[in-house]
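The values are calculated or read from the model by the stated rules, or taken from the named source; none is laboratory data. Predicted model only: the values in this text are computed from it and were never measured. So basically every Cβ, Gly included, is an ideal-geometry build from the backbone, and we count neighbours across all protein chains shown. Accessible surface areas use protein heavy atoms only, side chains included; no ligands, DNA or RNA. Shrake-Rupley method; radii C 1.70, N 1.55, O 1.52, S 1.80 Å.
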Amino acid sequence: MKGITLYTLLLLWIFCSITIHTSAQTNRTASNNVEDEDIFYHTVERGQTVYSIAKMYDVKVGDIHRLNFGSDETIKAGDKLKIPQKKITGTSTSRTDSDSSYIYHTIQARETLYGVSKQYEVSGKSIVEANPGLSQESFSIGKTIRIPAGKKQKQTAEIVENQKGAKEIYYTVPTRETMYNISKTFKISEKELLKLNPELSGGLRTGMTLRIPLRINEKDIPKKEEPDAREVNAMLGAKREIKRVNAAKIALLLPYNADKTTANTTLITEFYEGMLLAVDSLRNMGYATELFVHDTGDGTATLQKILKTESQTLKEVNLIIGGVSNEQIKLIADFAKTNKIKYVIPFTPRNDEVLDNAYIFQINTPQNYLYANASYVGANLFAKYNIIFLDTKDKDDQTDFISEFKRDLKERNISFKDVVYDAKNFQETITSQLSTAKPNVIMPVSRSLEALTKIKTVLRMIAEKQPEYVLNLFGYPIWQTYSKDCLDDFHALDTYIYSHFYADNLNPNVKAFYNNYKNWYSKNPASNMYPKYAMLGFDIGMFFFDALQKYGANFENNLSEISYKSLQTGFNFERVNNWGGFINTNIYIIHYNKDYTITRSDFK
């Protein structure tokens, strides 16, 4: 009896296992079923957060947490998240697209653009237009594309009954169609055709829908000629022609506040002054640039007025630069998207418009992307070091970055140590954790000057008096502002810092910039600000104005070809997704060498 019971339990366990497995498989295969409006999958990329992913798909953070256990604590690159598919109700959402409703599709193995277009009954052209970043490279397994809902392909001819019960053909005019051919095909005179369709008095146009009496056999009605699979799939690799511009037209929409004198207005003015130097430099190279400058003020009232009253002029520019607050950026971003104008956000990294606007270039790297890139580079750089994280219990703890860095190290099986600062026993404690077999790198958990001041003297003493220990420091962008107090220590401790900006004042090009700036404006840039806004304006001007001249209004198709040696801010633009804009992912590693030189290395 016991044997039968155990056998029965075993069968039940096997049956349950099969049932559970089958259920999971069904969920996965149904994830792209539009009618179910259930879920699709998103593969997490480096730098993405649950918040940014939710904004990307216009869903709630809580819904992602609910569908993905543990995502409220952490996610990492490579994770596959379930995302709720938004229900399409026919009403517009908060998006500004003319057809604002989308469904999302995760590309599966062996799928093609043609196959996806047939699945959703949407033309390949419509899918490509909805995903400006789509290419042969980005149309790959696990990537997400958006499908424009409500854009199902129309048949060339549709048979309907009119009010009298007679059958008529609603015929959508294809390209290269003629009145003569329509009359011959449907056995109707041009005069009768014009009477039924008065709009033809203005001429026959592609896309018009004409009423035509049914006088031919239904089987003889012409079918819509659709591109074949080869033609549709070739759209991903189609070469895009350069749209040349004679003179680059640039609109600057910034809060100069000409009637005020504040720290912010000084910085904005310096940014503008640096950009003027870029215009002059490019003019000397034979490039023509027109600037349209507008003072937006601090709020949105003046900006709204400018976008309305100067609309016609602004619609003709090739590039808009400006916006400081999120409210200003939103207004400019919507205007740029509507009128298909490239838009550069020069200052804030804390803005989400780039996630859903293909025309945006965001200069300042969003913090989560900066941390992800810096930790990746740091893990590569110090893979063979004895890595020590030092907690001095000071303000400005960089918890998010340290967590990201440690996660990168763990994924690569790189060991590290955690040490808590104790003023009384610090030298003894830190020495006990150092290695003589490999170099040591110490990273304070806090980025503050106070934290650095606590440890630098002792570490320098160890480096100078105990040469068996090879010491390095690894730190933060803000450490550049501590040079007055710590520059000598940085060199003595062979220090590395990560940053998205850095200008070497000994570099000949940087020296030339300062000289030109002083000659033009009879002053030096604000000495207490990092980054230098004048130099930021110059770098942005040189990069984008030159890009427009060389690669035209659609220069985004040739970003990999654009080479500019920045004075302070490097540029490496990557699309955030197949339908969004570009963020600048460039990062520098600045090395304060022991021989008192400084090297700046780009990592892209």
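Peptides 568-576, 111-119, 173-181, 133-141, ordered by how many other C-beta atoms sit within 10 Å of their residues on average, highest first, read 568-576, 111-119, 133-141, 173-181. Could you please state, rounded to a whole Å, how far the C-alpha centre of region 311-339 is from the C-alpha centre of region 41-87? Here the answer is 30 Å between Cα centres. Beta bridges per DSSP, both residues in the chain: antiparallel share near 50 percent.
Would you list which aspartates and glutamates come within 13 Å of Lys438, measuring only between C-alpha atoms, while excluding same-chain residues fewer than 8 positions from it? Lys438 reaches Glu468. Summarising the amide proton neighbourhood of Asn386: residues at separation of 5 or more, or on other chains, whose placed amide H is nearer than 5 Å comprise Asn440, Val441. For Val324, the amide hydrogen comes within under 5 Å of the amide hydrogens of Ile329, counting only partners 5 or more places away or on other chains and with H modelled in the peptide plane. The HN-Hα couplings worked out from phi for region 208-218 by the Karplus form 6.51 cos²θ - 1.76 cosθ + 1.60 (θ = phi - 60°) are 5, 10, 10, 8, 9, x, 7, 10, 10, 5, 4 Hz, whole numbers, x standing for Gly and Pro. With an 8 Å Cα cut-off and a minimum separation of 6 or more residues, compute the relative contact order for the chain in percent. Reported relative contact order: 13 percent.
A crude spin-label estimate for the pair Lys219 and Lys518, with each label 7 Å from Cα along the Cβ direction, gives 9.0 nm.
Exposure check, 1.4 Å probe, all protein chains in place: Arg447 carries approximately 80 Å² of accessible surface. Dipole size of region 316-469 about its Cα centre, with +1 on Lys/Arg Cβ and -1 on Asp/Glu Cβ: approximately 440 debye, rounded to the nearest 20. Calculated mean residue ellipticity at 222 nm for the chain: -11500 deg cm²/dmol, from DSSP H runs with n ≥ 4 weighted as -39500 (n - 2.57), summed, divided by the residue count and rounded to 500. Mind jotting down the distance between the C-alpha centroids of region 396-421 and region 369-385, whole Å? Between the Cα centres of region 369-385 and region 396-421 lies a distance of 10 Å. Restrict the search to region 303-373; then list the GluC sites (Glu not before Pro) that DSSP places in a loop and that have at most 15 other Cβ atoms within 10 Å of their Cβ. Sparse-neighbourhood loop GluC sites (Glu not before Pro): Glu310, Glu316. Oblate is the label for the chain, because the ratio a/c of its alpha-carbon gyration tensor axes (a ≥ b ≥ c) is 1.5 or higher and a/b is not greater than b/c. Evaluating 6.51 cos²θ - 1.76 cosθ + 1.60 at θ = phi - 60° for every residue in region 461-471, the Karplus couplings come out as 5, 5, 4, 7, 9, 10, x, 5, 9, 8, 10 Hz, glycine and proline recorded as x.
Near Ile147, the amide H atoms lying under 5 Å from its own belong to Ile103, Tyr104, His105; only residues 5 or more places off or on other chains count, and H is placed 1.01 Å from N. Computed with every protein chain present, the accessible area of Lys260 is close to 100 Å² [probe 1.4 Å]. Once you reduce region 532-572 and region 458-502 to the center of their Cα atoms, the two points are 32 Å from each other.
Phi angles of region 511-520 translate, via the Karplus equation with coefficients 6.51, -1.76, 1.60 and θ = phi - 60°, into HN-Hα couplings of 4, 5, 4, 4, 5, 4, 4, 5, 5, 6 Hz per residue; Gly and Pro are given as x. A protection proxy built from the mean count of other Cβ atoms within 10 Å ranks the segments 483-493, 407-417, 268-278, most packed first, as 268-278, 483-493, 407-417.
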